[in-house]
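The values are calculated or read from the model by the stated rules, or taken from the named source; none is laboratory data. These figures come from a predicted structure and were not determined experimentally. Neighbour counts are summed over all protein chains in view; Cβ atoms, including those assigned to glycine, are modelled from backbone coordinates with ideal geometry. Ligands, DNA and RNA are excluded from the accessible area calculation, which covers all protein heavy atoms including side chains. Shrake-Rupley method; radii C 1.70, N 1.55, O 1.52, S 1.80 Å.
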Amino acid sequence: HRELPDTIRLHVRERFPVAKVKAFSQPGFELAYLLDESGHVMLPFARGQAPAEAVEAEASLPLLIGLPQAPFVVGRAMTDPQVLSALRFLASFEGSTMAGLTDIVSVDIGRPQEIDVQTVLGSRVTFGVRDSDNEFSTQLLHWSAVHQDSASRGRMIGTLDLSVTNHAPLRWLDAAAAPVENPRPVKPKR
């Protein structure tokens, strides 16, 4: 912004990635992009051009799958409503109690009005996309309550469908199939 006669004001807004998408993948070659919370497309750090922690943190971001075929333009925001809903969900998740209990591996947006989340613990949780502003906060509270109840019973969630408003279907995870939790990765910093 230029202010006459002799002032220029710069406003800088740093973008932090919250998800990654694979634009192209073949054995030995992968093309991935990062998305910030508003859907702006960014390039990931290349190995050797950034600290190893930053590269590893970006690699541990949740993977968005089921995206419609859309061109990825670095610096531009994605406009697909399902993508934006998934990014709103990830922002709500980071502010919830569940963020301290598990990490999200992938977010599938392939079905309209639903978001299917896979966690590091092997749970698959389905969320409904609704019109209200606090659409995910209520569902995240329900997930937390089910998680706490299952932990008190010595069980783990296999599948949980929170897109159903009453009597959400729940299937327990077989204890032998439960994955061993790895140490939590560092959150990405740019």
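Note on Leu4 and Ser152: the model spin-label points, each 7 Å out from Cα along the C-beta direction, lie 7.0 nm apart.
Taking the Cα centre of the chain as origin and assigning +1 to Lys and Arg Cβ atoms and -1 to Asp and Glu Cβ atoms, the resulting dipole is close to 220 debye. For the chain, what is the accessible area per residue in Å², given a 1.4 Å probe and the full set of protein chains? Normalised by residue count, the accessible surface of the chain is 62 Å².
Considering only Ala145, Val74, Ala19, and ranking their Cα positions along the charge dipole of region 1-145 that arises from unit charges at the beta-carbon of Lys, Arg, Asp and Glu, the one farthest toward the positive end is Val74. Ignoring any ligand, DNA or RNA, what whole percent of the accessible area of the chain comes from carbon and sulfur when the probe is 1.4 angstrom? Answer for the chain: carbon and sulfur cover 54 percent of the accessible area.
Calculated from the structure at hand, Kirkwood radius over Cα pairs in Å is found among [x] 17.4; [y] 16.4; [z] 18.2 as [z]. Heavy-atom accessible surface of Ser152, to the nearest 10 Å², is about 90 Å², with a 1.4 Å probe and all protein chains retained.
Averaging Cα coordinates gives a centre for region 106-147 and one for region 1-69; these two points are 24 Å apart. What does the charge add up to near Phe93, with Lys and Arg as +1, Asp and Glu as -1, over the other residues with Cβ less than 12 Å from its Cβ? Local charge sum for Phe93: -2.
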